[in-house]
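To start, the structure itself, in structure tokens.
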């Protein structure tokens, strides 16, 4: 099979996603530029989290198409040529897309190091020694090497999220998706996670960061998108969108964020 590479970015074309009678993505189209970080902001229910889950095929779209580094995803799933990918091929496709959830999603029965090596060894067939070496290197880089043998329940929220980021980086994915990575954290823990994202996780990768942190978006994003009602209502460079929004809806939303 062909592999998704960051050189071609991510293109979303007239994608529709509904949950029953509720339309969450309403014919949305956007381009995530290759090698750059795109921040996605918007009010609750605007479709931000659903968008990143559709890119990674954790949610099935009803219409439209998503192209991830040359791999096309439709309502039939990720395609290899004209046929839907088999389960093993989908696993390899997903391995090229790191996804960090707002609720960490670490395996509670595995240690920190076990969480990092589970997919490379169990799904992709890495040699255990190679996976352990890569995992320890990443834990060093997120300042958690001393926690390698701990279980997630013994870590703070900020530490768990840094472990989740390290896990997502294990296979050097060319794409990184972040779904509100600091929304479950106390304010004093947010800074350490944002530092890891900005300093390590998004470097050289095509990245989508769903966030409510306007200051962080301004600092690390190359492009900002604002969503509402399952559509893009504004996009552009951070200085333009965040400081001089063109639409009244975007001005209202950003004004509320700044007051919280």
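Results, tabulated for the structure shown:
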read-out	value
Residue within region 22-42 that is modelled with pLDDT of 95 or more, part of a strand (DSSP E or B) and under 20 Å from residue 93 (Cα atoms) present	yes
Odd one out for residue 18, checked against (1) at pLDDT 95 or above; (2) in contact with a strand residue (DSSP E or B) (Cβ under 6 Å, 6 or more places away or on another chain); (3) in a strand (DSSP E or B)	(2)
Members of region 231-258 found to be assigned to a helix (DSSP H, G or I) and within 23 Å of the chain's Cα centre (by Cα), listed by number	238, 239, 241, 242, 250, 253, 254, 257
Matching helices (runs of 4 or more DSSP H) fully within region 150-230 where at least 1 residues are touching a helix residue (DSSP H, G or I) at 6+ places or on another chain (Cβ under 6 Å) and under 18 Å from residue 104 (Cα atoms)	157-168, 187-196
Within region 56-143, helices (runs of 4 or more DSSP H) holding 2 or more residues that are surrounded by 15 or more Cβ atoms within 10 Å (Cβ to Cβ), touching a residue at least 24 places away in the same chain (Cβ under 8 Å) and in contact with a helix residue (DSSP H, G or I) (Cβ under 7 Å, 6 or more places away or on another chain)	112-122, 128-141
Checklist (1) at pLDDT 95 or above; (2) within 26 Å of residue 167 (Cβ to Cβ) applied to residue 63, failing item	(2)
First in region 249-260 and at pLDDT 90 or above, second anywhere and surrounded by 13 or more Cβ atoms within 10 Å (Cβ to Cβ) and part of a helix (DSSP H, G or I), Cβ under 9 Å, 6 or more apart	250/241; 254/214; 254/241; 254/242
Pick from region 33-45, criterion surrounded by fewer than 24 Cβ atoms within 10 Å (Cβ to Cβ) and in contact (Cβ under 8 Å) with a residue 60 or more places away in the chain, ranking: nearest to residue 254 (Cα to Cα)	43
Residue in region 2-14 that is out of contact with any helix residue (DSSP H, G or I) (no Cβ under 8 Å at 6 or more places or on another chain), crowded, with 21+ Cβ neighbours inside 10 Å and over 17 Å from residue 235 (Cα atoms) present	yes
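The values are calculated or read from the model by the stated rules, or taken from the named source; none is laboratory data. All figures in this text were calculated on a predicted structure; none of them were measured in a lab. Cβ: placed from backbone, ideal geometry, glycine included. Neighbour counts: every protein chain shown.
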